[in-house]
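Below is one structure; the comments refer to it alone.
The values are calculated or read from the model by the stated rules, or taken from the named source; none is laboratory data. These numbers were taken from a predicted model, which means no experiment stands behind them. Note: ideal-geometry Cβ built from the backbone for every residue, glycine included; neighbour counts use all protein chains shown. Ligands, DNA and RNA are stripped out before the accessible areas are found, and what is left, the full protein with its side chains, is counted by its heavy atoms. Shrake-Rupley method; radii C 1.70, N 1.55, O 1.52, S 1.80 Å.
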Amino acid sequence: MYSEKVMDHFANPRNVGELEGANAIGQVGNPKCGDIMKIYMRIEDDVIQDVSFKTFGCGAAIATSSISTEMVKGKTIQEALAVSNKAVTEALDGLPQEKVHCSVLAEAGIRSAIADYYERQGIDPTPIVGCGYDCESCHGH
């Protein structure tokens, strides 16, 4: 059912916990299944120097959170914004169809943190990031 990579990232998640000195924090959730992801980033000169996460959810949610942090660490903001849920799924060698929403959560978490980074600088993130994934305020998802 799950690939070896999914099982590895679930059993041995990378970059777990709060990140001291984070200057970008995003939180997203999926009301249908109850998964919640909080992602922390330390961004310097438009490069994600460090990243971590805390996820409440199923094994697939933890695995997608874990691998997504590996995918953006050391990348520029623009490179991180290019990480799609499809790329997350492919990096894990696939997910069962009923768990693909977990990869969407990871993509949304990355975008949410980057939006927070721009907001902290007084910059409207919408033209850069698109939807900020703050669904409680926009109800667009």
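If I compute semi-axes √(5λ) of the Cα gyration tensor in Å from the structure I just sent, which labelled value in (i) 23, 19, 17; (ii) 23, 17, 13; (iii) 27, 22, 15 lines up?
(ii)
Obtain the nm distance between the two label points defined at PHE56 and GLN97 by a simple spin-label model: each point lies 7 Å from its Cα along the Cα-to-C-beta direction.
Modelled inter-label distance: 3.1 nm.
Would you mind checking the pairs LYS5/LYS86; LYS75/LYS99; LYS38/LYS73 and listing those with alpha carbons more than 19 angstrom apart?
LYS75/LYS99
For the stretch 59-112, what is the convex hull (Cα atoms) projected area averaged across all directions, in square nanometres?
Approximately 3.2 nm², given one-decimal rounding.
Could you tally the net charge around ALA11, taking each other residue with its Cβ under 13 Å from the Cβ of ALA11, Lys/Arg +1 and Asp/Glu -1?
So the surrounding residues net to 0.
From the residues MET41, THR55, GLY26, which one has its Cα farthest along the dipole of the stretch 3-89 in the positive direction, the dipole being from +1 and -1 charges on Cβ of Lys/Arg and Asp/Glu about the Cα centre?
Result: THR55.
What is the dipole size for the chain, taken about its Cα centre, with +1 at each Lys and Arg Cβ and -1 at each Asp and Glu Cβ, in debye to the nearest 20?
280
Heavy atoms only, probe 1.4 Å: what % of the accessible area of the stretch 18-87 goes to carbon and sulfur, would you let me know? Mind showing how you got there, number by number?
Working: 1550 of 3230 Å².
Taking all protein chains in place, the stretch 18-87 shows 48 percent carbon and sulfur surface.
In square angstrom, what is the accessible area per residue of the chain with a 1.4 angstrom probe?
Result: 51 Å² per residue.
Identify all aspartates and glutamates with a Cα-Cα distance to LYS32 below 18 Å; exclude those on the same chain that are fewer than 8 residues away in sequence.
By straight Cα distance, LYS32 reaches GLU98, GLU107, ASP134, GLU136.
Students often get this wrong: which residues of the stretch 15-36 have the backbone nitrogen under 14 Å from the point 7 angstrom along Cα-to-C-beta of GLU70?
Residues passing the 14 Å test: 15-16.
Of the candidates GLY17, GLY94, GLY122, which one comes out as most mobile in a Gaussian network treatment of the chain with C-alpha springs shorter than 10 Å?
So, out of GLY17, GLY94, GLY122, the one fluctuating most is GLY122.
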